[in-house]
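The values are calculated or read from the model by the stated rules, or taken from the named source; none is laboratory data. Nothing here was measured: the structure is a model prediction, and the numbers come from that model. No Cβ is skipped: glycine too gets one built from the backbone with ideal geometry, and neighbour counts run over all protein chains shown.
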Amino acid sequence: MSEHITHVEEHRDDEASKLGMWLFIFTELLLFGGLFLVYSVFRMQYPANFHEASLELSVTIGAINTVVLLFSSMTIAMAITAIQKKNKKLTLRLISVTVLMALIFLVNKYFEWGHKFEHGLYPGSDLMHLLERGHHLYFSLYFFMTGLHALHIIVGMILLIICYVKVSKGSITNDRFVFLENGALYWHLVDLIWIFLFPLMYLIS
Amino acid sequence: MENHGSHITEYKVLVRVLFVLLLCTFLTISVTGFNLGAFTVTIALLIAGFKSYMVLSYFMHLKYESLLLRILVSMVFVLFIIIVLITFIDYSFR
Amino acid sequence: MSTEYISFLDHQGKYKGIRSWIFATDHKRIAFLYMYAIASFFLVGALLGLLMRIELISPGETIMKPQTYNGLFTVHGIIMIFMVVIPGLSAVFGNFFLPILIGAKDVAFPKLNLFSWWLFMLGSMMAIASQLLKSGPPDTGWTFYAPYSTTTGTNVIAATTAAFILGFSSILTGLNFIVTVHRMRAPGMKFFNMPLFPWAIYATAWIQLLATPVVGITLIMLIAERLFGIGFFNPDLGGDPVLFQHLFWIYSHPAVYIMILPAMGVITEIIPTFCQKKVYGYKAIALSSLAIAGVGFLVWGHHMYTSGMSEQARWFFSLLTFIVAVPSAIKVFNWISTMYKGSIDMKPPFVFALEFIFLFMIGGLTGLILGSVATDIQVHDTSFIVAHFHYIIFGGMGFAFFAAIHYWLPKMYGKMYNFKRANIAAVALFIGFNLLYFPQFIIGVQGMPRRYFDYPPRFQWAQITSTIGGFILVSALILMITNLIIGVRRGAKAPANPWNGTTLEWQIPSPPPLENFDEAPIVKENPYDYK
């Protein structure tokens, strides 16, 4: 609700920024949604194969990654509380912890994938194409979905680092923090996707 | 235009939410250890749904946002679920 | 507090010359950038269509080899769908007029708007590149069905990457418009005080936002299949080609509503103006736009009746397809009812609008034949389908685009054009169009397949008629465009309100100043307040 016409350059509407970020999140949900749709079709068609193949994944690493992401969601949410309470130092610390969590997630993923690669299991490999159909589809989905997710973790990390710099320089403050809110929203999205990815990939009974 | 109603989520609320989320994660891992047939994935998805609800409401602040935003978010999830269900009308009956 | 009037075209900003255009964040300039690009792509696509028509004028090889023909109909589709009709009305007239019609000075995110245009140009360049790179133009049809698209040697990856980038542009435009409508309406303008073109753009924006990501991920799956053999759509690896079709049409059906909703919005603006009467059933038209957008997400399988889907799936999609026709029909009733006892003025925008209604109805009614499973199976993949979608897309969205440019050109350029020549062009277009496409219905029912460059001699009468129609159509297009260019260059100065319209664009000078409203716009409760 603007009271009068202001010049284009002075126009600042935080609600609009936030709405824009939510709309972008919707597109990401639908993007991953397409993959979840493919997953559900093939899981329905190859239930036993999907179960067997999932045994190749380490539930422990998956669980650690889940905890790491959930924790990081909390820390970035806390960062917003911190900036609202004018605690710049704490805000910076919390953003740093969040980025560190992201890094831990990626390192785990590196080891997980590395282990598969060492055994000749990677998209396009000869071994992949020799697998039973359901197994092959499972691993194609595994690499595609966790890969796309990891890409979003990287993008999220970059966004959060930009947030860090902006808080540090003072362009994000207690009465001007929609950029941090939006960065946090993007980060929560990455967590949301993993909340579904973990049980669907690692915990198939 | 300044920030919205400026609701501040207290740290302890966020910690409690994390605790609930970790509990649910542990629950999911335990439940999927048992074989309850088709129910297992249903339960796992329901728990995941609840976890998402918590993340959306508290971490993503939806609980304190406008009704419009809450409706829009719900509609997007509903749209996705409907699309999956319709696709299954094909695959279930082939 | 009024400032001295300077048209947005004369405004001197940070940049000079061409950079004042390609770095512009003014929604009106961005609209022009889209318009010139899209008009060029349309002419190229039309030329490709004409080449196809020349090939089809006689059976067997006429002017090109079969492989060339396959490449031609593919690129004709890619250009027309992704570079012309999907962006078309939203990116040009949505950009120019959405902010003005809601009393705003620009869209919510002007820089993002410019970025959308840059993406559009990048995607378009990639699409052109896919024609020229080593492995040859894609020959899959614009629908890229697996398994052919995953195995053919042609430049499928380049073309699908182009489509992905173009899709991203569409998503960002949709996002921008949704926030614009929610946050930038002038004080006093509630949702139900908005004119109906903004309503149409708003409904369209939601489809752009939510449907496009699905085709985005599908195209990436296609690329992954070509590069790594991931197997989702390959039966040998356990996958299902029909799954590709599901994913593809989950976007591409809503996409046709991206094409037609703004078109209906334009017609809904033009008719009250040239009948000098308020629109009949404002709320019904507004809500039917939302209904079409919503239900449009649930009907995609009607493109797949012969693909091997379950019987239950075919019933479901058929039922939903009949349902989605209802809100469109509501609009047609309301347009006609608006005209009843109106004071009708047969200026070119209105002539085009009348032609739109006629052509759209033929397209829509033949759509009912296609919605019914039994009749669709007879005509699937025949030229009946080609005729149907050209009536709807070209006769519908295309003629609405012509109507829009004739309606709004005086406002955009501040110049008038010759009405008589415009009306002659409109009639010639109509004649050429029907000659071109109507025979295709007939031979489609008789068995003429689509995407075939050869055919038995008994279909030749129709192919010749169509080709003649095509030449008349293109000549009329040239006449129409030339007339508009003459108007822009040498036409009379346009007043602020040449048509005595009531919506906000007619309350500001032609062309508008940079920030549209030098004084706060006067918002009326009824946007179609004709005395």
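Report the residue count in segment B:1-21 for those that are surrounded by fewer than 16 Cβ atoms within 10 Å (Cβ to Cβ) and either at pLDDT below 85 or aliphatic (A, V, I, L, M) (or both).
9
For segment C:75-92, which positions are part of a helix (DSSP H, G or I) and either β-branched (V, I, T) or surrounded by fewer than 24 Cβ atoms within 10 Å (Cβ to Cβ) (or both)? Before you say what the answer is, go through the steps one by one.
Here is the first cut: in segment C:75-92, the ones part of a helix (DSSP H, G or I) are C:75-85, C:88-92.
Hits for segment C:75-92 are C:V75, C:H76, C:G77, C:I78, C:I79, C:I81, C:V84, C:V85, C:V92.
Can you confirm whether segment C:132-144 contains a residue that is assigned to a helix (DSSP H, G or I) and either modelled with pLDDT under 95 or on the phi > 0 side of the Ramachandran plot (or both)? Before you say what the answer is, go through the steps one by one.
Taking segment C:132-144 as the starting set, the residues that turn out to be assigned to a helix (DSSP H, G or I) are C:132.
The next check asks that each one be either modelled with pLDDT under 95 or on the phi > 0 side of the Ramachandran plot (or both); those that pass are C:132.
Scanning segment C:132-144 turns up at least one residue that is assigned to a helix (DSSP H, G or I) and either modelled with pLDDT under 95 or on the phi > 0 side of the Ramachandran plot (or both).
Hey, can you tell me all the residues within segment A:155-174 that are without any contact (Cβ under 8 Å) to a residue 60 or more places away in the chain and hydroxyl-bearing (S, T, Y)?
A:S171
State all residues of segment B:56-94 that are of a type in the set (S, T, Y) and away from chain C (no Cβ under 13 Å); if no residue qualifies, say none. If you could, list the steps in order and put the result at the bottom.
Restricting attention to segment B:56-94, the residues satisfying the condition of being of a type in the set (S, T, Y) are B:57-58, B:64, B:66, B:74, B:87, B:91-92.
Once the filter is applied, which keeps residues that are of a type in the set (S, T, Y) and away from chain C (no Cβ under 13 Å), segment B:56-94 yields B:S57, B:Y58, B:Y64, B:S74.
May I ask you to say which residue of B:L79, B:L72, B:L46, B:L36 is under 16 Å from the mean Cα position of the chain (by Cα) and closer than 22 Å to A:G62 by Cβ?
Result of the check over B:L79, B:L72, B:L46, B:L36: B:L46.
Determine which single condition C:P187 fails, assuming it passes every other condition in (1) in a loop (DSSP other than H, G, I, E, B); (2) in contact (Cβ under 8 Å) with a residue 24 or more places away in the chain; (3) crowded, with 23+ Cβ neighbours inside 10 Å; (4) at the interface with chain A (Cβ under 9 Å from one of its Cβ atoms).
Every condition holds for C:P187 apart from (3).
Can you pull out the residues in segment C:93-116 that are under 14 Å from C:G174 (Cβ atoms) and in a helix (DSSP H, G or I)? Step through it out loud before you land on a result.
So the first thing to find is which residues in segment C:93-116 are under 14 Å from C:G174 (Cβ atoms), and the list is C:94-95, C:98, C:107-109, C:112-113, C:115-116.
Passing the criteria: C:G94, C:N95, C:L98, C:L112, C:N113, C:F115, C:S116.
Considering only residues that are more than 10 Å from chain A (Cβ to nearest Cβ) and surrounded by fewer than 23 Cβ atoms within 10 Å (Cβ to Cβ), which ones fall in segment C:222-233?
Matches in segment C:222-233: C:I223, C:R226.
Residues in segment C:436-454: is at least one within 18 Å of C:S475 (Cβ to Cβ), among the hydrophobic types (A, V, I, L, M, F, W, C), crowded, with 20+ Cβ neighbours inside 10 Å and out of contact with any Pro (no Cβ under 6 Å at 6 or more places or on another chain)?
yes
Residue by residue through segment A:118-136, note down the ones that are loosely packed, with under 14 Cβ neighbours inside 10 Å and either under 15 Å from A:W194 (Cβ atoms) or more than 10 Å from chain C (Cβ to nearest Cβ) (or both). Lay out the reasoning, then the answer.
We begin by selecting, within segment A:118-136, every residue loosely packed, with under 14 Cβ neighbours inside 10 Å; these are A:118-120, A:124, A:126-127, A:129-130.
Within segment A:118-136, A:E118, A:H119, A:G120, A:D126, A:L127, A:L130 qualify.
So C:V179 clears everything in (1) of a type outside the set (D, E); (2) within 13 Å of another protein chain (Cβ to nearest Cβ); (3) not in a helix (DSSP H, G or I) except one condition, right? Which one?
(3)
Looking at A:V67, A:V38, A:V97, can you tell me which residue is within 21 Å of the chain's Cα centre (by Cα), of a type outside the set (D, E, K, R) and more than 11 Å from every other protein chain (Cβ to nearest Cβ)?
Being within 21 Å of the chain's Cα centre (by Cα), of a type outside the set (D, E, K, R) and more than 11 Å from every other protein chain (Cβ to nearest Cβ) holds for just one of A:V67, A:V38, A:V97, which is A:V97.
Of A:F144, A:F177, A:F105, A:F139, which residue is within 14 Å of another protein chain (Cβ to nearest Cβ), within 17 Å of the chain's Cα centre (by Cα) and in contact (Cβ under 8 Å) with a residue 40 or more places away in the chain?
Selected residue: A:F144, the only one of A:F144, A:F177, A:F105, A:F139 that is within 14 Å of another protein chain (Cβ to nearest Cβ), within 17 Å of the chain's Cα centre (by Cα) and in contact (Cβ under 8 Å) with a residue 40 or more places away in the chain.
Quick test of your reading of the structure: A:L90 fulfils all but one of (1) under 15 Å from the mean Cα position of the chain (by Cα); (2) facing another protein chain (nearest Cβ under 10 Å). Name the failing condition by number.
Tallying (1) under 15 Å from the mean Cα position of the chain (by Cα); (2) facing another protein chain (nearest Cβ under 10 Å), A:L90 fails exactly one: (1).
Taking C:M52 and the conditions (1) in contact (Cβ under 8 Å) with a residue 24 or more places away in the chain; (2) under 20 Å from C:V92 (Cα atoms); (3) not charged (D, E, K, R), which numbered condition does it fall short on, given that it satisfies the others?
For C:M52, the failing item is (2).
Out of (1) surrounded by fewer than 24 Cβ atoms within 10 Å (Cβ to Cβ); (2) among the polar types (S, T, N, Q); (3) within 22 Å of C:A255 (Cα to Cα), what's the single condition that is false for C:N95?
Going through the list (1) surrounded by fewer than 24 Cβ atoms within 10 Å (Cβ to Cβ); (2) among the polar types (S, T, N, Q); (3) within 22 Å of C:A255 (Cα to Cα), C:N95 breaks only (1).
With assigned to a helix (DSSP H, G or I), closer than 18 Å to A:T27 by Cα and not acidic (D, E) as the only criterion, which of A:L197, A:L160, A:L141 stands out?
A:L197
If you go through segment C:293-312, how many residues are within 18 Å of C:I323 (Cβ to Cβ), within 8 Å of another protein chain (Cβ to nearest Cβ) and over 20 Å from the mean Cα position of the chain (by Cα)?
Looking only at that region, the number is 3.
How many residues are within 30 Å of C:N234 (Cβ to Cβ), away from chain C (no Cβ under 13 Å) and either more than 15 Å from the chain's Cα centre (by Cα) or among the small types (G, A, S) (or both) if we restrict to segment A:147-174?
The total comes to 1.
Just a yes or no: is a residue in segment B:38-45 touching a Ser or Thr at 6+ places or on another chain (Cβ under 6 Å), away from chain C (no Cβ under 14 Å) and exposed (fewer than 13 other Cβ atoms within 10 Å of the Cβ)?
Kept after step one, since they are touching a Ser or Thr at 6+ places or on another chain (Cβ under 6 Å), are these residues of segment B:38-45: B:40, B:44.
Still in the running and away from chain C (no Cβ under 14 Å): B:40, B:44.
This time we only want the ones that are exposed (fewer than 13 other Cβ atoms within 10 Å of the Cβ), so: none.
No, because not a single residue in segment B:38-45 is touching a Ser or Thr at 6+ places or on another chain (Cβ under 6 Å), away from chain C (no Cβ under 14 Å) and exposed (fewer than 13 other Cβ atoms within 10 Å of the Cβ).
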